[in-house]
Each structure stands twice: as structure tokens, then as C-alpha cells.
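J.: What follows is a single structure, and I will ask about it in a moment.
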Amino acid sequence: MRLLIVGSLEGHISTAGKIAISRGAKVSHVDSIDEALASVRSGQGAELLMVDVKLNIGDLVTRLASERINVPVVSCGIGTDADAAVEAIRQGAREYIPLPPDPELIAAVLEAFAAESNTIIHRDPAMKAVIGLADQIAPSEASVLITGESGTGRKMMALHIHVKSNRAAQSFVAVNCAAIPENLLESELFGHEKGAFTGAVARRVGKFEEADGGTLLLDEISELHPRLQAKLLRAIQEKEIDRVGGVKPIKTDVRLLATSNRDLQEAVRNGDFREDLFFRLNVVNVRLPALRDRPQDIELLANFFADKYAEANGVARKPVGQEALASLIGHGWPGNVRELENTMHRSVLLSQGDELSMDTTMLQLAGTIDGTPQSPAAPVEPIAATPQDAVAEGGFVRRTVAEVERDLIIDTLQHCLGNRTHAANILGISIRTLRNKLKLYSEDGLAVPMPGGVESPAP
């Protein structure tokens, strides 16, 4: 969990931060509400704000809501000042924590919010069986290989196993092996000594040391370079690592989890992945089913995401219409749960009726934002009986793909108050792609929303 502490309270909040770190949270600190908002806006992010009760919590909650930033706020105050606690709750704080902090109370609050934000929504028997297996093996020290298609929630499953394990009170550290260049990944995993290479101006602790006593997740392990595979194997076998430029090994105690969307057995046969490392990692295999293989979960997840993003964006909650639900269930979902989540987010933002209709939910089911086709599992009936009806009801007949794409991007940007990063995340495109498209729209004379909700004048 990422925790942002706001304020000081005579050093007591710092103590609370240290307790949170010992419980596996990543903690950062700022002094004021303006700094907190700047930190959240900058993309550093936070899953929980712990705020000095003397600060204007109501102003913070209001400003977060106005920018559609959905982060829970917990207030902290010295002693058990009932009036301060009541006022903080009235202003929008979710909880009140008296200071000096109680380690068990801090742990309970962190655990509650972590569980709230990382719950695996499921009903289908196929997913129930997987959850049952995960719960069974979680208390053990066995390495676990979590496999499944992209978008099935492999990282969330890893966190679920950690939370259910005997190491739940310790750190959960994740590293994406595919996102870090090979020449930097060794230092990222094992750390380095000062002067080990050009630019190493100080000693760095690697992920193995950072996760000591807790759980280390190696995400997309199949992308690990063969040279690093050998070092990883030694770290697992000997329970010790060598920092880059170090002279003596360092003992570590981690529970290792790994994920992959590729067939590692096939990679072993092709010589791309070490067989001995595969067997070390694959003590237990937890394979997540694709969303199309757990159809009973689609309605549950669709409603969950609809409610989630209605709250996050400050709009009224709406049920998913029956026609829309039928089309969702019939879709093949090549992007799995991640695709469904993005679809429901867009539907919430673009819906104008009393329910989430097929018009909005199907907007991206026929094709992605960049035009890549996605074939649904079953044909979808037309939205309206005639082209004239479709046009009258705001459908997409007689409109080009470029026009639909343009309106989607502009509408999403308006809902995000001009925030490019948020809009790009919702749309499922890179920030660079979004900026290039907005530049073209501006050159064509279209007013483009600016950060803060202001439209840039047409040239």
C-alpha cells in the first residue's frame, strides 16, 4: 500500500509512518494540503492519505472530489479529542486515529484499506477453485508461479497470497522484469555498492533486501535475461545475494512469487528459460482462468466497476441495462478483466440515460481506440432498427471511426478536467498518442479541454 502522510503533529505522524513501513507500506510525507494535492496529481499516487487533524481536511476532501481523485482520507490527532474526531469525520475523513499511534491500530487500518482496494471479485466456480487453491498454499513458504493471460489479475493474486500468508505483516515488494532494461535489472534486484559502476554514487539496496522477511514478486519472470536467471537461481538455492560490486554475500529471507503470461515450459524447451529455475519457481502453479472461462463473474464485475467509477468520478450510480449485459456476456474479452474494467469506466463517463446502455458499453467492443479489431464471441444486434433511429438516438451509424474516436477522446478529457494522464489511462492509450491526437484536433480548429477544465481556443 502507498501511504501519503500530510502534516507533522510534533513528530507523532513520523512515528506512524515508521510503523506503516514496518507493516509493508510505502510511505511518503508532505507538510501541507497543497503539497499533498501536487504529489497525487504528479502521478506518484497514494492509496491512503493520513492527515493532521489541524489541517483543513474538508478543503482537501473537496478538492480531491473536484478533480475526481478517489483516495480515502484518515485523520490523526493527539490524544482522544472527541470534538476533533467528530469534525474530521464530518468533513469527509474515513477514520480518526489518536496519536501517539498504536502499532496494532495502524496495522488494522492499513489492512482494512488494503483489503478494500485489492479484493478479488468472483462468483464463478472456476475462479472459486483457484481462490481455494491460493488460500490453501498461502501459509506455506513454497514458491508460487502465477500464470494466465494478460489482464487476468496475476499481480492481484500475488498480493492475495501475500495477505493470506504468515508474512502478511511484512513487506510485499514487486518488480516488473519486463519493464527494466537488462543492464539495470541486476542492480534493481540485488543492489549495488558505491563505485560499482559509473554513476553509482552511493550504495543501493536491491529488491531482495527490501523484501527481507516478506514477499518478493517477480512479475513477467519469462523476460528475465539468462545471465540473471543464473544469479536468481543461486539466490533461491543459497538464500543469499551478491550486490553488484560487493565482496561478500548477504543473507536474505524472502517468499518468492513469480508471474508469467507466456508458457514457461515452452520457453524451457526452446532454451530461453533455465529448466532448474523453472522447477524452483513452479513448486505450486496457480493458473488464472480467462474472463471468457468464468462467465458468471462478468455481471458481478461489470456492476462492481460501474459502482467504483461512478463514485470515483462523482456521478450517479446506474445499473447495467439488460441488453448491455447480454452483449458484455457474449463478448470474447481478449483483454480479460482489465478490458472489462476500462469498458465500464468509459460507459460510466459517457452514459446519459438512467442505465448503462449497449450504446456506451459496446463503444469499444467492436474495436479498440487505435483501430485494432477485437472479435466478439457472439454477434451483437444493432442498437437501433434503422439507420435513422440510430442517428436520432445518438448511435454511430453514418459516422466514421475517426469521428467516434475524436468524440470519445474529447468527452473523456472533459470528464477528467483536462488531465492528460488520467484521460490516457482511461482510454487505454499512451500519453504520447493522446497528445499527438489532441495536437491534430487543435490544428483542425477543435477546442481541446485544458487542465482545470478550461478549453483552449481554436486557432
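J.: Rounded to the nearest 20 Debye, what is the dipole magnitude of segment 109-231 about its Cα centre when Lys and Arg each give +1 and Asp and Glu each give -1 at the C-beta?
T.: Using Cβ point charges on Lys, Arg, Asp and Glu, segment 109-231 gives about 80 debye.
J.: Another question, if that's okay. What distance in nm separates the two pseudo spin-label positions at Asn56 and Met450, each 7 Å out from Cα along the beta-carbon direction?
T.: 2.4
J.: Among the lysines, which have Cα under 30 Å from the Cα of Lys248 when same-chain residues fewer than 8 positions away are ignored?
T.: Lys18, Lys26, Lys194, Lys207, Lys231, Lys239
J.: Between Ser66 and Asn166, how high is the FRET efficiency from 1/(1 + (r/R0)^6) when r is the Cβ-Cβ distance and R₀ = 41 Å? Nearest 0.05. Provide the component values of the computation, followed by the final result.
T.: Values: r = 43 Å, r/R0 = 1.05.
The computed FRET efficiency comes out at 0.45.
J.: Which lysines have a Cα lying under 19 Å from the Cα of Lys318, excluding residues fewer than 8 positions away in the same chain?
T.: Result set, ordered by chain and number: Lys308.
J.: With viscosity set to 0.890 mPa s and temperature to 25 °C, compute the Stokes-Einstein D of segment 164-242, Rh being the Kirkwood radius across alpha carbon pairs; µm²/s, no decimals. Could you put the intermediate results ahead of the total?
T.: Working: Rh = 13.3 Å.
Using the Kirkwood radius from Cα pairs, D works out to 184 µm²/s.
J.: For a quick check: sort Ser260, Ser222 by the number of other beta carbons within 10 angstrom, fewest at the front.
T.: Listed from fewest to most nearby Cβ atoms, that is Ser222, Ser260.
J.: Would you mind ranking Leu184, Leu301 by Cβ crowding within 10 Å, fewest neighbours first? Write down the numbers at each step before the final one.
T.: Values: Leu184 9, Leu301 19.
So the ranking, lowest neighbour count to highest, is Leu184, Leu301.
J.: Okay, next question. For a footprinting-style exposure proxy, rank Ser430, Ser442, Ser347 by other Cβ within 10 Å, fewest first.
T.: Ser430, Ser442, Ser347
J.: Sticking with this one: Suppose each label sits 7 Å from its Cα in the direction of the beta carbon; what would the Asp102-Arg203 distance come out to in nanometres?
T.: Each label point lies 7 Å from its Cα, and together they span 3.8 nm.
J.: Taking the simple approach of a point 7 Å from Cα along Cα-to-Cβ for both Thr421 and Glu193, what is their distance in nm?
T.: 3.7
Bear in mind that the values in this text are calculations on the coordinates, not laboratory data. Since the structure is predicted, the reported quantities are computational estimates derived from the model, not experimental observations. Because the Cβ atoms are built from the backbone with ideal geometry, glycine has one as well, and the counts that use them run over all protein chains shown.
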